[in-house]
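A.B. asks: If you scroll down you'll find the structure; I have some questions about it.
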Amino acid sequence: MQKFTLLLLSLVLLGPLGIDLYLPTLPDIARGLNTPVTLIQTTIPLFLLVMGLGQIVAGPLVDNFGRKPVAIAGLLLYLLGSVLAATATGWPQFLSARIVQGCAVCCTAVVAFSGVRDRLEGEEAARAYGFLNGALNIVPALAPMLGGFLADAFGWRAPFWFLVSYVLVIGLMILRFLPETRPAGTQAVKGLPLVQYARILREPRFLAFTFANAGAMGMVLTYVSLAPQVLMTQGKLSALQFSIVFGANGFWIMLCSLLVNKIIRKLGRPICLALGSLAMACGALTMLAGMALFPAEMQTNWALYMLPVAISVTGLAFTVGPATSYALEPYKQQAGVASALAGFIQMAGGSSAGLLAMALPVSEKLALSAMMIIGAVLAALAWMCSKNVRGTLTALKTR
């Protein structure tokens with residue numbers, strides 16, 4: 001099971017690698033493509049938005065054709081997108097590359113989370129989801145630094161050539177070692193399963209837990225998108241300093257995720273959701289207090305941004321694993337469809353909320369504080385719902 005989980009992790013890593021590896025090189029890419037940096041920044045939420053929308057299509061494909069074929073198709077798309085980005089000569093090609101990569105990741109993400117649902121149940125599944133999400137934070141801890149070093153040595157295209165190499169390596173591993181885990185009784189789906197999606201969306205339990213994930217994702221996306229502006233432009237950190245600060249926060253989330261796994265075993269999933277809500281609320285209060293209490297000349301200090309972020313992302317670690325397991329637990333025979341819909345709500349909802357927060361005519365810190373509060377409220381609603389969960393469903397009616 002450990003080898004299986006690591007294979008799934010290699011697929012899930014494609015998403016954060018596609019975001020974090022090139023963060024320190026955004027100004028270089030803008031100069032290289034003769035494009036405003038604001039346009040390059042939009043590729044972060046657009047990548048996630050495409051990833052979320054694409055899962056609506058990828059879910060039925062995973063249930064109809066199996067996990068492994070869709071994983072291989074996603075890897076081929078990611079390879080194409082990475083080559084397009086590495087060879088881009090203008091903004092249209094770079095944007096197209098990011099869209100292709102987003103389509104690729106929607107396939108691999110659905111495969112990974114469906115695979116967990118195929119093999120694991122209950123708190124064991126929650127720990128696996130927590131491990132995947134916790135291990136993902138190795139990427140934001142190390143990828144910006146790696147991307148910065150590669151770009152410094154070989155130019156801004158080097159991080160994308162690194163992605164090409166990564167996809168080729170894990171593609172061979174998936175071909176050789178990934179088993180097909182689709183249950184024998186999985187119901188085939190013709191076209192887009194709109195009826196199944198509609199039935200799932202009528203389940204208050206599913207909505208409560210997936211929107212909790214969307215709130216946490218929106219909060220993190222807002223932080224990631226605004227971090228270069230707040231820390232490098234306003235805070236005057238160098239690219240290396242930015243990578244270190246950004247990476248330290250990634251390691252912090254990873255440690256918190258390990259703690260969550262222990263708490264799930266000892267105290268259960270509901271207490272984790274409650275702690276997640278509390279952490280995001282405390283992060284917002286800390287951010288607002290820093291804005292109110294410290295003088296204007298200190299507002300650009302990186303610590304006044306990163307300390308509230310560190311508190312709030314603890315809430316992400318406590319929320320995602322339990323919420324994902326609760327949301328997908330009832331849908332054993334529709335794991336691909338349910339995983340796709342959950343991923344769509346999490347990614348598309350979170351990216352849309354983040355884009356809206358960033359578009360508000362307020363300061364970056366105030367926009368992030370608003371997303372922290374939204375995340376806290378949604379996690380609290382999920383915690384209240386978790387106290388009423390009794391038993392599980394095993395299938396959805398299709399007629």
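The values are calculated or read from the model by the stated rules, or taken from the named source; none is laboratory data. It should be emphasised that the depicted structure is a prediction, and the values quoted were computed from it without experimental measurement. Note: ideal-geometry Cβ built from the backbone for every residue, glycine included; neighbour counts use all protein chains shown. Quick note on the areas: whole protein, heavy atoms, side chains included, nothing else; ligands and nucleic acids left out. Shrake-Rupley method; radii C 1.70, N 1.55, O 1.52, S 1.80 Å.
A.B. asks: Please give the number of the condition Ser243 fails out of (1) modelled with pLDDT of 80 or more; (2) of a type outside the set (Lys, Arg); (3) open to solvent by less than 10 Å² (accessible area, probe 1.4 Å).
C.D. replies: (1)
A.B. asks: Among the residues of the range 312-326, is any open to solvent by 10 Å² or more (accessible area, probe 1.4 Å), free of Cβ contacts under 8 Å to residues at least 40 places away in the same chain and not acidic (Asp, Glu)?
C.D. replies: Scanning the range 312-326, I find no residue that is open to solvent by 10 Å² or more (accessible area, probe 1.4 Å), free of Cβ contacts under 8 Å to residues at least 40 places away in the same chain and not acidic (Asp, Glu), so the answer is no.
A.B. asks: Give Val105, Val12, Val110, Val100 a once-over and let me know the one that is touching a Leu at 6+ places or on another chain (Cβ under 9 Å), crowded, with 18+ Cβ neighbours inside 10 Å and without any contact (Cβ under 8 Å) to a residue 24 or more places away in the chain.
C.D. replies: Working: Val105 fails: without any contact (Cβ under 8 Å) to a residue 24 or more places away in the chain; Val12 fails: without any contact (Cβ under 8 Å) to a residue 24 or more places away in the chain; Val110 fails: without any contact (Cβ under 8 Å) to a residue 24 or more places away in the chain.
Among Val105, Val12, Val110, Val100, only Val100 is touching a Leu at 6+ places or on another chain (Cβ under 9 Å), crowded, with 18+ Cβ neighbours inside 10 Å and without any contact (Cβ under 8 Å) to a residue 24 or more places away in the chain.
A.B. asks: In this structure, is Leu307 within 23 Å of the chain's Cα centre (by Cα), of a type in the set (A, V, I, L, M, F, W, C) and open to solvent by 40 Å² or more (accessible area, probe 1.4 Å)? Explain how you work it out, then say what you get.
C.D. replies: Details: within 23 Å of the chain's Cα centre (by Cα): yes; of a type in the set (A, V, I, L, M, F, W, C): yes; open to solvent by 40 Å² or more (accessible area, probe 1.4 Å): yes.
Considered against the rule, which asks whether it is within 23 Å of the chain's Cα centre (by Cα), of a type in the set (A, V, I, L, M, F, W, C) and open to solvent by 40 Å² or more (accessible area, probe 1.4 Å), Leu307 comes out as yes.
Table: residues versus (1) in a helix (DSSP H, G or I); (2) acidic (Asp, Glu); (3) open to solvent by less than 30 Å² (accessible area, probe 1.4 Å); (4) free of Cβ contacts under 8 Å to residues at least 40 places away in the same chain.
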position: Phe149; (1), (2), (3), (4): yes, no, no, yes
position: Val167; (1), (2), (3), (4): yes, no, yes, no
position: Gln196; (1), (2), (3), (4): yes, no, yes, no
position: Phe251; (1), (2), (3), (4): yes, no, no, no
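A.B. asks: Go through the range 56-69 and count every residue that is open to solvent by less than 10 Å² (accessible area, probe 1.4 Å) and part of a helix (DSSP H, G or I). Walk me through how you get there before you give the answer.
C.D. replies: Step one: filter the range 56-69 for residues open to solvent by less than 10 Å² (accessible area, probe 1.4 Å), giving 58-60, 62-63, 66-67.
Remaining after also requiring part of a helix (DSSP H, G or I): 58-60, 62-63, 67.
Counting residues in the range 56-69 that are open to solvent by less than 10 Å² (accessible area, probe 1.4 Å) and part of a helix (DSSP H, G or I) gives 6.
Yes/no matrix, rows are residues, columns are (1) in contact with a helix residue (DSSP H, G or I) (Cβ under 6 Å, 6 or more places away or on another chain); (2) among the aliphatic types (A, V, I, L, M):
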site: Tyr223; (1), (2): yes, no
site: Leu231; (1), (2): yes, yes
site: Gln241; (1), (2): no, no
site: Phe246; (1), (2): yes, no
site: Leu259; (1), (2): no, yes
site: Lys262; (1), (2): no, no
site: Lys266; (1), (2): no, no
site: Leu273; (1), (2): yes, yes
site: Leu278; (1), (2): no, yes
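A.B. asks: Go through the range 273-303 and report how many residues are open to solvent by 20 Å² or more (accessible area, probe 1.4 Å), among the hydrophobic types (A, V, I, L, M, F, W, C) and either more than 15 Å from Leu366 (Cβ to Cβ) or free of Cβ contacts under 8 Å to residues at least 40 places away in the same chain (or both).
C.D. replies: Selection size over the range 273-303: 14.
A quick yes/no check of all residues on (1) among the polar types (S, T, N, Q); (2) farther than 28 Å from Asp28 by Cβ; (3) at pLDDT 85 or above:
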residue: Leu150; (1), (2), (3): no, no, yes
residue: Arg157; (1), (2), (3): no, no, yes
residue: Trp161; (1), (2), (3): no, no, yes
residue: Leu168; (1), (2), (3): no, no, yes
residue: Phe177; (1), (2), (3): no, yes, yes
residue: Thr181; (1), (2), (3): yes, yes, no
residue: Leu194; (1), (2), (3): no, yes, no
residue: Phe206; (1), (2), (3): no, yes, yes
residue: Gly215; (1), (2), (3): no, yes, yes
